[in-house]
There are 2 protein chains.
Amino acid sequence: MRAGPSQEEIRRHNLGVLLRSVHVHGATSRAELTANLGLNRSTIGALTAELATAGLVTEEIPRDRGRAGRPSLVVRPESEMVYVLAFAIGVDRVTAARVGLGGLVLDRREAPRAPGQAPAEEVVAPLVDLARQMRDLAPAGARHIGTGVAVTPMIRERDGQVRPRAYGSWASDPLSEALTEAIRADVNGDFPIARLGTADLAALAEHTRGVAIGCANVIYLHGDAGIGGGIIAAGRPLTGHGGNGGEVGHMVVNPAGKPCCCGSRGCWETEIGEHALLTAAGRPIGGGAAGIAAVLDAAARGDAEAQTAVRKVGDWLGFGVANLVNIFNPEMVVFGGTLRELYLASAAQVRSRLNRNGLQAYREHVRLRTSALGDDAPLLGAAELAFERLLADPLNDQVTELDSTGTMTAQSGVT
Amino acid sequence: MRAGPSQEEIRRHNLGVLLRSVHVHGATSRAELTANLGLNRSTIGALTAELATAGLVTEEIPRDRGRAGRPSLVVRPESEMVYVLAFAIGVDRVTAARVGLGGLVLDRREAPRAPGQAPAEEVVAPLVDLARQMRDLAPAGARHIGTGVAVTPMIRERDGQVRPRAYGSWASDPLSEALTEAIRADVNGDFPIARLGTADLAALAEHTRGVAIGCANVIYLHGDAGIGGGIIAAGRPLTGHGGNGGEVGHMVVNPAGKPCCCGSRGCWETEIGEHALLTAAGRPIGGGAAGIAAVLDAAARGDAEAQTAVRKVGDWLGFGVANLVNIFNPEMVVFGGTLRELYLASAAQVRSRLNRNGLQAYREHVRLRTSALGDDAPLLGAAELAFERLLADPLNDQVTELDSTGTMTAQSGVT
DNA sequence: GATGATTGTTGTGCCCGGCAACATATCCCT
DNA sequence: AGGGATATGTTGCCGGGCACAACAATCATC
């Protein structure tokens, strides 16, 4: 139950829509914006002027004119001067990026990750270093307007398996908490640091700038040490209770399967995770993405044991995909992280399983794709998440929460 | 990418929010509305005046005053004069209701359903009769402002199993199509007839007026001849591609299970459906809800074979619930239709399975509940769906679609 | 260089909701 | 019974948002 925006909120919303448009689609002429957003020329002019004054966009006279008539000013996001910092803690390395408005990666650095049993501070320290370096290299006057963190579950020392998110919330994940604290103290301004799971952010990135552009219903599957899933439903990230998405990796696909670190058994993760592939191929555990790549490589070269392992794991991959397709009826399933290569190596099994277990109407229109952004998807998703605050309210650095009542009011503006 | 509402849309939206508020929460004083919606007294006054003029609400001086100060006028939905027709095609019977604004069931009738192999027209005919009777009994001047239909998959003649939704869309379901045509011709006005799946509508009803009020993330499971699921995510019904929800009933829970009518095997539906329970209990197939009740009854009385069957089926029920909980992280799971009794009879198995296969953080906060609206949930959901059009735009009978651009405009009103 | 086409700019007006002052209705206390 | 306190409806006015139209600016074409 809530009413709509006040007139001031309309203004803010429209500013946000305009800024988001140039952020996502790149530089756009005012004439196109007028057509795309359905606002009057005069309104578009007022909005862009406001954004330009705020230093968020520039307006330029276009080079190539071509058509008759007065050339329309091109609105371009201030990619160099307005940026966010994005962080991702991977299994074997940590990455950080400075990303400009418009999605331009201005700087990107990575460092090896301290081993699994290292205290959180030790994992976080190099990231803070990277952040400082990037911040210091930013041009004078550039504004840091947000920070995003892709949270990866901790890794169990013993066997490299992923610890399930027993803590329940991304915000209370110890690693990301330590990172947040360090960043807040050393690099960040006062604004909040946005956190979300790796797979959720990769899904967001693929939805915004990757293969899933324009797809309202997407399931993104991320292979890592474990299996994560990010779901976009009706164009929005699907978050369960408390804003923490589900865990498709712990969907039980094989009731007779091996025990999982979560206490259950036969979880999807135990059947298609790194551990499962390596074990099936008779290889030692560990090695991360390289270990998986080695098995896939061996299979491609004709190694029978590896081929059998890939087929088996691919079969379970397809099985889980079929289940998710039946449950969600998505337009696209995207394979990212280590699942990208695994899918490519076992596409036949996956399709076959989907045909066997997926509902006909659903499997016929669902498209299976691999990540377009590759390993940087979570990082780029973290950047997109960090931009959200600005895009929701370009002129006000305060966090905008939706009015709980839902009514639209006029002049109920920020004091 | 779209901007927000025009000023006129603000007005419409606020009218809708106000009307929805009294529709869902019942008669409310203007003072409370002022507080709840966050609008000014004068604005609330103007809005209620407009709705009263349109014949959608009445304003009354309250009886019991109690507090000091001028008593606030009570805004009451015009339950008797503004109504929708709702239809539900069940497995063994068809039901129809006339539901007034505010959710008041003004009239409710049912008729036996023609057997499974009957042509669609034959199934639909009694419903149209009921609709005519109800319409004719409505008071003079009462306005029929919408029609909703709960679509149930067709039933296979041979063994009573549900035909999967191979057609892909509710709108193209043959039965509901026939019903829609008949209603449109004989009873309905010009406005569109809203259709959605039984489980989706029951979920909507439970979310609006049942056990799941206030729960933003709900999974509703409906037992029938098959198993359907309706999912509310972030307060909105989850619809997959093309507006057709997923089919949790065809999630494969038992890769080694029996073949399902959908072509797959070991679908949840085959493990916990009517067919499965009756077979496990060594009873003849058929009988619908009564057959299930008989088994549950026998189990309650100590019949060992029935108890074993209930335990087994309850185990699979819990298994599927655990999977869905892991995938969605909902706040509540609601059991409706025949699953209501089944869950009550096997709650121990369900909880035990959930504890074994559900992630700790999720299973700890998820609440398992039975339907509060009982067998009428789909019917009431259909009514709610039918009201949507009015609530989205109380003064205009045109269908309001969201502007594709997303910008907010002023005076871009309906022509 | 004139014309047509397209777009930016400016001033005006409509509409919406907030706001404040006033009117109204009830309760409570003496 | 009457007056003050309290709460709410009502009315007139105002600010802000966007549409609209007229005008100015710029470009292609002939």
Exercise. Tally time: how many residues in segment A:34-57 are near DNA strand C (Cβ under 8 Å from one of its atoms) and closer than 27 Å to residue A:386 by Cβ?
Worked result: 3
For this session: Name every residue in segment A:18-47 that is in contact with a helix residue (DSSP H, G or I) (Cβ under 6 Å, 6 or more places away or on another chain) and more than 27 Å from residue A:212 (Cα to Cα), in order of residue number.
Result: A:41, A:44, A:47
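Only residues that are buried (at least 24 other Cβ atoms within 10 Å of the Cβ) and of a type outside the set (D, E, K, R): list them for segment B:261-280, please.
Hits for segment B:261-280 are B:262, B:264, B:267, B:268, B:270, B:272, B:273, B:277.
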Exercise. Looking only at segment A:92-108, which residues are assigned to a loop (DSSP other than H, G, I, E, B) and open to solvent by 50 Å² or more (accessible area, probe 1.4 Å)?
Worked result: A:92
Problem set entry | Breaking point among (1) within 14 Å of chain B (Cβ to nearest Cβ); (2) in contact (Cβ under 8 Å) with a residue 12 or more places away in the chain; (3) not β-branched (Val, Ile, Thr), for residue A:355 | (2)
Problem set entry | Any pair with Cβ under 6 angstrom, 6 or more apart, that starts in segment B:59-74 at a residue that is over 22 Å from residue B:23 (Cβ atoms) and more than 6 Å from DNA strand D (Cβ to nearest atom) and ends at one that is open to solvent by 100 Å² or more (accessible area, probe 1.4 Å) and modelled with pLDDT under 85 | B:71/B:65
Exercise. (1) at pLDDT below 95; (2) open to solvent by 60 Å² or more (accessible area, probe 1.4 Å): which one isn't true of residue B:76, the others all being true?
Worked result: (1)
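When you check residue A:39 against the structure, is it near DNA strand D (Cβ under 8 Å from one of its atoms), more than 28 Å from the chain's Cα centre (by Cα) and open to solvent by less than 80 Å² (accessible area, probe 1.4 Å), yes or no?
yes
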Exercise. Is there a residue in segment A:200-212 that is buried (at least 24 other Cβ atoms within 10 Å of the Cβ), touching a residue at least 60 places away in the same chain (Cβ under 8 Å), within 23 Å of residue A:329 (Cα to Cα) and among the β-branched types (Val, Ile, Thr)?
Worked result: no
For this session: Kindly list, by first and then second residue, each pair from a residue in segment B:30-57 that is within 13 Å of chain A (Cβ to nearest Cβ) and free of Cβ contacts under 8 Å to residues at least 12 places away in the same chain to a residue that is more than 9 Å from DNA strand C (Cβ to nearest atom) and in a loop (DSSP other than H, G, I, E, B), limited to pairs with Cβ atoms under 9 Å and residues at least 6 apart or on different chains.
Result: B:34/B:72; B:35/A:405; B:38/A:2; B:38/A:403; B:38/A:404; B:38/A:405; B:38/A:406
Problem set entry | Failed condition for residue A:13, given (1) under 17 Å from residue A:100 (Cβ atoms); (2) more than 9 Å from DNA strand C (Cβ to nearest atom) | (1)
Problem set entry | Residues within segment A:345-384 that are in a helix (DSSP H, G or I) and within 21 Å of residue A:228 (Cα to Cα), tallied | 19
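Condition check: farther than 15 Å from residue B:81 by Cβ and within 14 Å of DNA strand C (Cβ to nearest atom). Does residue B:24 satisfy that?
Numbers: farther than 15 Å from residue B:81 by Cβ: yes; within 14 Å of DNA strand C (Cβ to nearest atom): no.
Taking the combined requirement at face value, the residue does not satisfy it.
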Problem set entry | Failed item in (1) open to solvent by less than 10 Å² (accessible area, probe 1.4 Å); (2) without any contact (Cβ under 8 Å) to a residue 12 or more places away in the chain; (3) more than 9 Å from every other protein chain (Cβ to nearest Cβ), with residue B:230 passing the rest | (2)
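Taking only segment A:72-121 into account, find how many residues are more than 30 Å from residue A:50 (Cβ to Cβ) and polar (S, T, N, Q). So that I can check it myself, show each step before the final result.
Here is the first cut: in segment A:72-121, the ones more than 30 Å from residue A:50 (Cβ to Cβ) are A:87-96, A:108-121.
Remaining after also requiring polar (S, T, N, Q): A:95, A:117.
Here the count works out to 2.
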Exercise. Does segment B:8-24 contain any residue that is surrounded by fewer than 17 Cβ atoms within 10 Å (Cβ to Cβ) and over 29 Å from the mean Cα position of the chain (by Cα)?
Worked result: yes
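Select from segment A:300-336 the residues that are of a type in the set (Gly, Ala, Ser) and open to solvent by less than 10 Å² (accessible area, probe 1.4 Å) and write down the one among them that is nearest to the other protein chains (Cβ to nearest Cβ). It would help to see each step written out before you state the result.
First, pick out the residues of segment A:300-336 that are of a type in the set (Gly, Ala, Ser): A:300, A:302, A:304, A:306, A:309, A:314, A:318, A:320, A:322, A:336.
Narrowing the set further to residues that are open to solvent by less than 10 Å² (accessible area, probe 1.4 Å) leaves A:306, A:309, A:314, A:318, A:320, A:322, A:336.
Values: A:306: 23, A:309: 18, A:314: 15, A:318: 11, A:320: 9, A:322: 7, A:336: 18 Å.
Ranking the qualifying residues of segment A:300-336, first place goes to A:322.
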For this session: Of the numbered conditions (1) assigned to a loop (DSSP other than H, G, I, E, B); (2) at pLDDT 75 or above; (3) away from DNA strand D (no atom under 16 Å from the Cβ); (4) surrounded by fewer than 18 Cβ atoms within 10 Å (Cβ to Cβ), residue B:111 fails exactly one; give the number of that condition.
Result: (1)
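For the condition more than 16 Å from DNA strand D (Cβ to nearest atom) and open to solvent by less than 30 Å² (accessible area, probe 1.4 Å), what is the one hit in B:33, B:47, B:85?
Only one candidate passes the filter, namely B:85.
The values are calculated or read from the model by the stated rules, or taken from the named source; none is laboratory data. Please read these numbers as outputs of a predicted model, since none were measured by experiment. For neighbour counting, all protein chains shown are included, and Cβ atoms are generated from backbone atoms with ideal geometry for every residue, glycine included. All accessible areas refer to the heavy atoms of the entire protein, side chains included, with ligands and DNA or RNA removed. Shrake-Rupley method; radii C 1.70, N 1.55, O 1.52, S 1.80 Å.
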